[in-house]
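Asks: Shown below is the structure under consideration.
All of the numbers you see were taken from the coordinates with simple rules; none came from a lab. Everything numeric in this text was worked out from a predicted model, so none of it was measured. With ideal geometry, Cβ positions are generated from the backbone for all residues, glycine too; neighbour counts draw on all protein chains shown.
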Amino acid sequence: MSKKTAIFGATTNPSRYAYLAAERLISHNHEIVPIGIKKGNIFGTSILDLREKPDIKAIDTITMYIGPQNQAEWEEYILSLNPKRIIFNPGSENRSLAEKASRRGIEVLNACTLVMLGNGLF
């Protein structure tokens, strides 16, 4: 089943994990919504400008590739998207945001999207 996934920290840099996640999500037939502060296009999809807080509907999963020190200003926006779950990839773990998300009934995972996809656990 396809899971519409917002990639926070999306990039056109092929050496970054966020780029690899976009590639793998597509190869597993998941719709991606790349969101970041750098403009560009990955796999035919434009990166939405995080600073504009784009209104995105029906997000299943947010996969986080932004460090916790840079997440605070986006917390309310992230929560307003009301995803079913947030995956905090290694280096993006954020206890404060995770607790707020959990209180809203959002599943929180400190995990690696790439490993989850590889193991069929996504």
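Asks: Considering GLU93, GLU52, GLU75, which residue is within 14 Å of the chain's Cα centre (by Cα), among the acidic types (Asp, Glu) and farther than 27 Å from MET1 by Cβ? Give the derivation first.
Replies: Details: GLU93 fails: farther than 27 Å from MET1 by Cβ; GLU52 fails: within 14 Å of the chain's Cα centre (by Cα).
Just one listed residue meets the conditions, GLU75.
Asks: Among the residues of segment 102-117, which ones are outside any loop (DSSP other than H, G, I, E, B) and either within 15 Å of ALA18 (Cβ to Cβ) or in contact (Cβ under 8 Å) with a residue 40 or more places away in the chain (or both)? So that I can check it myself, show each step before the final result.
Replies: Kept after step one, since they are outside any loop (DSSP other than H, G, I, E, B), are these residues of segment 102-117: 102-103, 107-110, 113-117.
Result: THR113, LEU114, VAL115, MET116, LEU117.
Asks: Turning to a different aspect of this structure: Report, ordered by the first and then the second residue, all pairs with beta carbons closer than 7 Å, sequence separation of six or more or different chains, a first member in segment 19-33 that is part of a strand (DSSP E or B), and a second member that is crowded, with 17+ Cβ neighbours inside 10 Å and of a type in the set (Gly, Ala, Ser).
Replies: From segment 19-33, the pairs are ILE32/ALA22; VAL33/ALA6.
Asks: What is the residue count in segment 22-42 for residues that are within 16 Å of GLY67 (Cα to Cα) and either among the aliphatic types (A, V, I, L, M) or surrounded by fewer than 20 Cβ atoms within 10 Å (Cβ to Cβ) (or both)?
Replies: Going through segment 22-42 one residue at a time, the tally reaches 3.
Asks: When you scan segment 81-93, do you find a residue that is of a type in the set (S, T, N, Q) and under 21 Å from THR11 (Cβ atoms), even just one? Quick ask: steps written out before the conclusion?
Replies: Step one: of segment 81-93, the residues of a type in the set (S, T, N, Q) are 82, 89, 92.
Now drop any that are not under 21 Å from THR11 (Cβ atoms), which leaves 89, 92.
Yes: segment 81-93 contains one or more residues that are of a type in the set (S, T, N, Q) and under 21 Å from THR11 (Cβ atoms).
Asks: Please verify whether ASN89 is surrounded by fewer than 21 Cβ atoms within 10 Å (Cβ to Cβ), of a type in the set (S, T, N, Q) and touching a helix residue (DSSP H, G or I) at 6+ places or on another chain (Cβ under 9 Å), treating the condition exactly as stated. Before you say what the answer is, go through the steps one by one.
Replies: Working: surrounded by fewer than 21 Cβ atoms within 10 Å (Cβ to Cβ): no; of a type in the set (S, T, N, Q): yes; touching a helix residue (DSSP H, G or I) at 6+ places or on another chain (Cβ under 9 Å): yes.
So ASN89 does not fit the description; no.
Asks: Which of (1) of a type in the set (Lys, Arg); (2) in contact with a helix residue (DSSP H, G or I) (Cβ under 8 Å, 6 or more places away or on another chain); (3) free of Cβ contacts under 8 Å to residues at least 40 places away in the same chain does LYS38 not meet, given it meets every other one?
Replies: Of everything listed in (1) of a type in the set (Lys, Arg); (2) in contact with a helix residue (DSSP H, G or I) (Cβ under 8 Å, 6 or more places away or on another chain); (3) free of Cβ contacts under 8 Å to residues at least 40 places away in the same chain, LYS38 misses just condition (2).
Asks: Just one of (1) closer than 23 Å to ASN119 by Cα; (2) in contact (Cβ under 8 Å) with a residue 60 or more places away in the chain; (3) among the aromatic types (Phe, Trp, Tyr) trips up TYR65, so point out which.
Replies: (2) is the only condition that TYR65 fails.
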